[in-house]
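Note sheet for the following structure.
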Amino acid sequence: MSEDCVIRPVEPAPAGIGLVAPFDFALDRELWRWLPAHVDLYATRLPYLSDPVSVELASALSDPRGVRNATRDILAPEPSSVAYSCSSGSFVDGAAGEAAIVAAMFDAGAPAAVTTSGAMIAALTELGARRVALVTPYVDAITDKLVDFLAEFGIAATARFDLGLSGGIWKTSYADVRTAVSTVDTTGADAVFIACTNVPTYDLVAPLEAQLDVPVLTANQVTMWAAMRDAGITGVDAPGALFADRGEDLTAA
């Protein structure tokens with residue numbers, strides 16, 4: 001057989017996702033797991049802050065100027081989209097605050113921009129979920145802000161469970177997450193949302209959905225889903241109802 005007749009597999013076109021994360025983000029490996037092998041992740045972090053996890057810290061992390069500067073830093077490898085990967089930092093100032101962060105990312109030159117909280121709303125909308133049970137690592141005052149943010153988009157929090165952590169959220173274990181989800185009342189909820197990109201969830205999504213019989217969304221899951229959607233990366237084989245449409249990856253088309 002001549003070399004011209006050899007059938008070679010079509011490799012997907014390379015793509016990249018830019019990530020702006022808080023200074024204490026510690027789950028880079030989990031974010032990589034959401035991505036297909038041909039998609040790169042380019043990450044940078046906001047400057048260090050010494051405050052405990054609080055509404056005040058979330059507000060400091062939501063400063064559009066800091067996100068704009070970090071977005072500029074991450075554009076050198078030419079990502080197809082950029083994500084601001086922080087739940088509380090993108091919902092603490094409401095819908096207007098989230099929109100200001102997205103605008104700052106576009107102002108910095110991002111080809112597409114999304115925040116974790118914006119991705120959460122998009123994912124809930126995609127699934128037709130208008131009532132959601134919340135699991136968060138936060139103190140009550142931060143979760144109150146999340147409830148308010150959801151309400152601005154006509155989405156009701158049916159129940160909530162907060163771990164009440166003021167630091168070290170990345171140390172939360174799978175067992176901690178399972179216990180929290182089993183504690184929250186999911187009656188009448190269209191979905192469960194597990195907040196904070198520093199909470200590990202990748203291996204829990206599928207078993208929790210099977211247990212609860214409702215979609216389970218997590219901060220890292222929705223962030224990567226929205227960033228890939230904006231980058232034109234489709235048909236991703238990843239856990240959860242959000243990724244149920246796992247057809248051919250069209251990136252190479």
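Measuring from centroid to centroid over Cα atoms, what is the spacing of region 141-220 and region 41-79 in Å?
If we compute the Cα centre of each part, the gap is 23 Å.
Just need the Rg to Rh number for the chain, please, alpha carbons only, Kirkwood Rh.
Details: Rg = 18.2 Å, Rh = 18.4 Å.
With Rg and the Kirkwood Rh in hand, the quotient comes to 0.99.
Hey, got the dipole for the chain? About the Cα centre, +1 on K and R Cβ, -1 on D and E Cβ, debye to the nearest 20?
Values: 15 positive and 32 negative charges, 54 e Å.
The calculated dipole for the chain is roughly 260 debye.
Please list TRP32, TRP225 in order of solvent-accessible area, largest first, computed with a 1.4 Å probe with all protein chains present. Working shown, then result.
Working: TRP32 115, TRP225 30 Å².
If we order TRP32, TRP225 from most to least accessible, we get TRP32, TRP225.
Rounded to the nearest whole Å², what accessible area per residue is found for the chain with the 1.4 Å probe?
On the way: 10950 Å² over 253 residues.
Ligands and nucleic acids excluded, the result is 43 Å² per residue.
What is the ratio of the Cα radius of gyration of region 17-101 to 2.2 N^0.38 Å, where N is its residue count, to two decimals? Each step should come with its number before you reach the end.
Values: Rg = 13.0 Å, N = 85, 2.2 N^0.38 = 11.9 Å.
Normalised by 2.2 N^0.38 Å, the Cα Rg of region 17-101 equals 1.09.
When the accessible area of the chain is split by element with a 1.4 Å probe, what percent falls to carbon and sulfur? Could you put the intermediate results ahead of the total?
Values: 5640 of 10950 Å².
Carbon and sulfur together cover 51 percent of it.
The values are calculated or read from the model by the stated rules, or taken from the named source; none is laboratory data. Remember, predicted model here, so these are calculated numbers, not experimental data. Don't worry about glycine lacking a Cβ; one is built from the backbone with ideal geometry, like all the others, and counts go over all protein chains shown. Only protein heavy atoms, including side chains, enter the accessible area calculation; ligands, DNA and RNA are left aside. Shrake-Rupley method; radii C 1.70, N 1.55, O 1.52, S 1.80 Å.
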